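Input: a single structure, listed below in structure tokens.
The values are calculated or read from the model by the stated rules, or taken from the named source; none is laboratory data. Because the structure is a prediction, the values reported are computed rather than measured. As a convention, Cβ positions derive from the backbone with ideal geometry for all residues, glycine included, and neighbour counts pool all protein chains shown. Quick note on the areas: whole protein, heavy atoms, side chains included, nothing else; ligands and nucleic acids left out. Shrake-Rupley method; radii C 1.70, N 1.55, O 1.52, S 1.80 Å.
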Amino acid sequence: MNFRTQVEMAGERTEIRHSDKLMLFGSCFSENIGNLLVENKFGCEVNPYGILYNPLSIAKALREIMARKVYDESDLFERDGVWHSWMHHSSFSSDLSSGDCLQKINRRLSAASECLPETDWLIVTWGTAYVYQHEGEVVGNCHKCPDSFFVRRRISVEAVCEEWNAILQMLKCHFPKLKVLFTVSPIRHAKDGMHNNQLSKATLLLAVEELCRTFDFCHYFPSYEIMMDDLRDYRFYADDMLHPSGIAIEYIWDCFSRTYFSTDTLQIMKEWSEIRKSLHHKPFRPQSEAYRKFLAQIMLKIERMKENFPYIDAQKEMELCHTLLNI
């Protein structure tokens, strides 16, 4: 007897390779997947605006990257001595100066603009269909400003599809090799209320379905369904009972890996995992000759990986080995 409801994965075989360039946008779930991709040595640009939740803000971010926008002080606002951008996560904010805030924003924007033309996969995680408008513009982040600053509304399936039909056509026109992978965040937005959260997620799911039906280069990964239908137990949630726990994220990552990675890619990940574990080994005698030989073996393994897979960037790990050897 089967005591689980397993979620079906993608029917067609769509492969993400280690040599591919990836760019991720979206909610904190995209950060989780993005960090795991980076950890496993995929070439990624993860959330160049920081965490964004709604489809309209993500679309606007992509438009700005394609236009190679450069932010200036007119794009910022100051509140309680801190400079913010309505489009950016608070990690870009600065209590030093507007210049410091702009430097952080424009550095990431420039990197993303350089990365996008080379991107093979755009991975987009939508979190909510609710948007906040300030002076008629949808914002990416409210920065804990009072509710009175904003008009809050739930956008329709049609509004999402209209915006993303345009942005997807533009992307494909400029970058013909690009493929897009959509997912809907399994994180529940409790502040919306449970019923409104479900309506919000349903809006996103219907919009993704329509876009994937329209564009053959668009695909969908069911992270929301895995969390809701397969892992439907509070032991798979963090302490707030809203976010997936570490175990749940690992499980969804495993589903993602089995769906999009080939046997060869999984083998590369396994070999790199062994190197990473070795680098985190705590020696009993760091000055010993045995430990120096141990580090030399790790460096040899990294060099072999670089020879076999030149697109893997292991510079930081090599520098760490040299640092440990010179202690």
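Would you check if there is a residue in the range 139-159 being over 24 Å from W86 (Cβ atoms), surrounded by 13 or more Cβ atoms within 10 Å (Cβ to Cβ) and either among the basic types (K, R) or modelled with pLDDT of 95 or more (or both)? Yes, the range 139-159 contains at least one residue that is over 24 Å from W86 (Cβ atoms), surrounded by 13 or more Cβ atoms within 10 Å (Cβ to Cβ) and either among the basic types (K, R) or modelled with pLDDT of 95 or more (or both). One residue stands out in the range 280-313 among those that are at pLDDT below 90 and in contact with a helix residue (DSSP H, G or I) (Cβ under 6 Å, 6 or more places away or on another chain): the one that is farthest from L37 (Cα to Cα), namely P283. Anything in the range 274-292 that is part of a helix (DSSP H, G or I), open to solvent by 40 Å² or more (accessible area, probe 1.4 Å) and either of a type outside the set (D, E, K, R) or over 17 Å from T323 (Cβ atoms) (or both)? List them, or say none. Residues satisfying the conditions are E274, K277, E289, A290. For first residues located in the range 315-326 and surrounded by 10 or more Cβ atoms within 10 Å (Cβ to Cβ), partners that are in a loop (DSSP other than H, G, I, E, B) and at pLDDT below 85 and lie 6+ apart or on another chain with Cβ distances below 8 Å form the pairs L324/P286. Within the range 305-322, the only residue that satisfies the criterion of being more than 28 Å from the chain's Cα centre (by Cα) and under 22 Å from C44 (Cα atoms) is E307. For the range 246-259, the criterion of a residue being more than 23 Å from P222 (Cβ to Cβ), at pLDDT 90 or above and in a helix (DSSP H, G or I) is satisfied by no position. Here W126 passes the criteria (1) on the phi > 0 side of the Ramachandran plot; (2) touching a Pro at 6+ places or on another chain (Cβ under 6 Å) except the one numbered (1). For D264, the conditions (1) open to solvent by 70 Å² or more (accessible area, probe 1.4 Å); (2) of a type outside the set (S, T, N, Q); (3) farther than 25 Å from V7 by Cα all hold with the exception of (3).
Here is a check on your reading of the model: is I298 of a type outside the set (S, T, Y), surrounded by 17 or more Cβ atoms within 10 Å (Cβ to Cβ), out of contact with any Ser or Thr (no Cβ under 9 Å at 6 or more places or on another chain) and part of a helix (DSSP H, G or I)? Here the answer is no, as I298 does not meet what is asked.
For every residue, the table says whether it meets (1) within 29 Å of Y260 (Cβ to Cβ); (2) surrounded by 17 or more Cβ atoms within 10 Å (Cβ to Cβ).
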residue	(1), (2)
E73	no, no
D80	no, no
W83	no, yes
S93	no, yes
R107	no, no
A111	yes, no
T119	yes, yes
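Annotation: of all residues in the range 14-65 being among the small types (G, A, S) and under 15 Å from I312 (Cα atoms), the one that is most open to solvent (accessible area, probe 1.4 Å) is S19.
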